[in-house]
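The structure appears below as structure tokens.
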Amino acid sequence: MARVSMLLCLVILATLGVVVTFSVAKNIEVQSEHLESSKKVTKVDHISKHREKEGDKVNDDRNAGSDVKEGTKDEKKKHYVLHKKEEHKKREHDAHKKGVQPEKKDDDDDVKKHKDKKKSGHDDDDDETETDDNEKENIGLYELKKGNLTVKFTNWGASIMSLHFPDKNGKSGDIVLGYDSVKSYKTDKVYFGATVGRVANRIGKAHFKLNGKEYKTSANDGKNTLHGGKRGFGDVVWAVKKHKYDGKKPYIVFTYTSPDGDQGFPGELIVTVTYKLVKDNELSVVMKATPKDKATPVNLAHHTYWNLGGHNSGDILSEEIQILGSRYTPVDGELIPTGQISPVKGTPYDFLQPRHIKDNMKDLKTGYDINYCLDGKADKMRKIVELVDKKSGRKMELSANQPGLQFYTGGMLKDIKGKNGMVYQAFAGLCLETQSYPDSVNNPKFPSQIVEPGKNYKHNMLFRFSIVS
């Protein structure tokens, strides 16, 4: 009986074990399946999210690429507009401080990017600005600055618009006559600050002969040609080849190509004018010209009107001048040289020793407008003029390599509205135009102005500014 009971118990236990095992196994299987399913869901969810991010990233990159391009353009445009606005505000502020009317919008848009490099502090050629071909016909405002000297230019006529230099009390002043607006230079009739040519000064009866052929030039001074004709170099847009605003030697290079037949002159002529601030308080001007295929007369001159007391200080008659020219070329009633060369001694033209401009002017109703035959070798740089304004203490010395100097005291100026509302009258400024002799093309005794193809014309000037007690 006991043995039967024991067997029965073993059977019951075995049965229970199978049930438990099956239940546990089933439970484990279910849990395993649930866990596996959970892992699959998690994995799928993870992959889905990763792909979603990748998709977002790809889409972002694709859109960003598009946005970058558009955005860059927008940013550049915004930056350009802001840059222009800042430049405009700065110029208005500076102009207000200096008592000068700000430029109009058109002039502002044409103001070249001469300050783009000035903050860099470098003095390499990398800092220079070169003008795009599309900008060559634009009329702009440019600036050079070094130490006490600040000079502004326009490429209309490769002209000087202003030159600031301090007086003996340290107050900076503008010592050249001119206009507030660049646009005003387009209607200028007196050549304020201009580079004049192809042949500066006068050609009698607007004609000359060269190599057996007679040329008729543009008459714009009665029957004569003055400063190149009706549309001389002072009345055209020059290209700006290079421009370096500041540094050790700030400079700007203007270029112009005069076509064959321009104002009646033969042959194409390639011209450059370089303004450079060299040593302290020195302005260098270098004019070069090269005929392409025909011989042609060339006589370039710089036509700034100087007033060392300041452009708005009145006349220049009390300034003292010394001109190192022992002879001059007498003229007829139309200011055409007679062909004679006479000594200045004993005449109102004698400035071999410094004296006031007004001293001997009583017999000259319109003041001085005469060519001096300068002492020394014409192809060598030498000092030719010293000009002093004792009231302001400013002094200017001029050296050049040309044979002649046109001394003009502005006697023809009348009711010309200039900078800051100033109205310029006779003798408001004077010109010191280094040159070849006037009408040399019709006077074989005068130094020749003819430049042959392949030869180069070069005209150097150096203006040195200082203070005297």
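The values are calculated or read from the model by the stated rules, or taken from the named source; none is laboratory data. Just so it is clear, the structure is predicted and the values come from calculations on it, not from any experiment. Glycine also receives a Cβ, built like all others from the backbone with ideal geometry; neighbour counts cover every protein chain displayed. Just the protein is used for accessible areas: all its heavy atoms, side chains included, with ligands, DNA and RNA removed. Shrake-Rupley method; radii C 1.70, N 1.55, O 1.52, S 1.80 Å.
Cβ-Cβ distances below 6 Å connect the following pairs, each with a first residue in region 213-240 that is closer than 14 Å to T195 by Cβ and in contact (Cβ under 8 Å) with a residue 12 or more places away in the chain, a second residue that is of a type in the set (F, W, Y) and open to solvent by less than 10 Å² (accessible area, probe 1.4 Å), and a separation of six or more residues or different chains: W238/F254.
Filtered by the rule that a residue be open to solvent by 40 Å² or more (accessible area, probe 1.4 Å) and not in a loop (DSSP other than H, G, I, E, B), region 239-261 gives K241, K242, T257.
Scanning region 409-430 for residues that are surrounded by 22 or more Cβ atoms within 10 Å (Cβ to Cβ) and either part of a strand (DSSP E or B) or among the hydroxyl-bearing types (S, T, Y) (or both) yields a count of 3. When residues in region 427-453 are screened for being touching a residue at least 60 places away in the same chain (Cβ under 8 Å) and closer than 16 Å to A200 by Cα, 18 of them pass. Restricting attention to region 296-310, the residues that are part of a loop (DSSP other than H, G, I, E, B) and open to solvent by less than 10 Å² (accessible area, probe 1.4 Å) add up to 7. Residue check: is P453 open to solvent by 30 Å² or more (accessible area, probe 1.4 Å), modelled with pLDDT of 95 or more and not aromatic (F, W, Y)? So P453 fits the description; yes.
Tell me, yes or no, whether region 399-408 has at least one residue that is more than 30 Å from K216 (Cα to Cα), modelled with pLDDT of 95 or more and out of contact with any strand residue (DSSP E or B) (no Cβ under 7 Å at 6 or more places or on another chain).
Checking region 399-408: not a single residue is more than 30 Å from K216 (Cα to Cα), modelled with pLDDT of 95 or more and out of contact with any strand residue (DSSP E or B) (no Cβ under 7 Å at 6 or more places or on another chain).
Mind listing whichever residues of region 147-178 are buried (at least 24 other Cβ atoms within 10 Å of the Cβ), in a loop (DSSP other than H, G, I, E, B) and not small (G, A, S)? If the condition is that a residue be buried (at least 24 other Cβ atoms within 10 Å of the Cβ), in a loop (DSSP other than H, G, I, E, B) and not small (G, A, S), then N155, I175, L177 are the ones that fit.
When we screen K230, K209 for residues that are of a type in the set (D, E, K, R), assigned to a strand (DSSP E or B) and either open to solvent by 30 Å² or more (accessible area, probe 1.4 Å) or at positive phi (or both), the only hit is K209.
Can we say N371 is in a loop (DSSP other than H, G, I, E, B) and at pLDDT 95 or above? When the stated conditions are applied, N371 does not pass them.
So that you can scan it fast, the table gives a plain yes or no per residue for (1) more than 16 Å from G410 (Cα to Cα); (2) open to solvent by 40 Å² or more (accessible area, probe 1.4 Å); (3) in contact (Cβ under 8 Å) with a residue 60 or more places away in the chain; (4) out of contact with any strand residue (DSSP E or B) (no Cβ under 7 Å at 6 or more places or on another chain):
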position: I336; (1), (2), (3), (4): yes, no, yes, no
position: S342; (1), (2), (3), (4): yes, no, no, no
position: K345; (1), (2), (3), (4): yes, yes, no, yes
position: I357; (1), (2), (3), (4): no, no, yes, no
position: M361; (1), (2), (3), (4): no, no, no, yes
position: L364; (1), (2), (3), (4): no, no, no, yes
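Being open to solvent by 20 Å² or more (accessible area, probe 1.4 Å), β-branched (V, I, T) and either over 16 Å from L430 (Cβ atoms) or out of contact with any strand residue (DSSP E or B) (no Cβ under 9 Å at 6 or more places or on another chain) (or both) is a property that V278 has. Report yes if Y408 is touching an Asp or Glu at 6+ places or on another chain (Cβ under 6 Å), under 25 Å from V176 (Cα atoms) and aromatic (F, W, Y), otherwise no. When the stated conditions are applied, Y408 passes them. Of the numbered criteria (1) closer than 18 Å to L432 by Cα; (2) open to solvent by 40 Å² or more (accessible area, probe 1.4 Å), the one K391 fails is (1).
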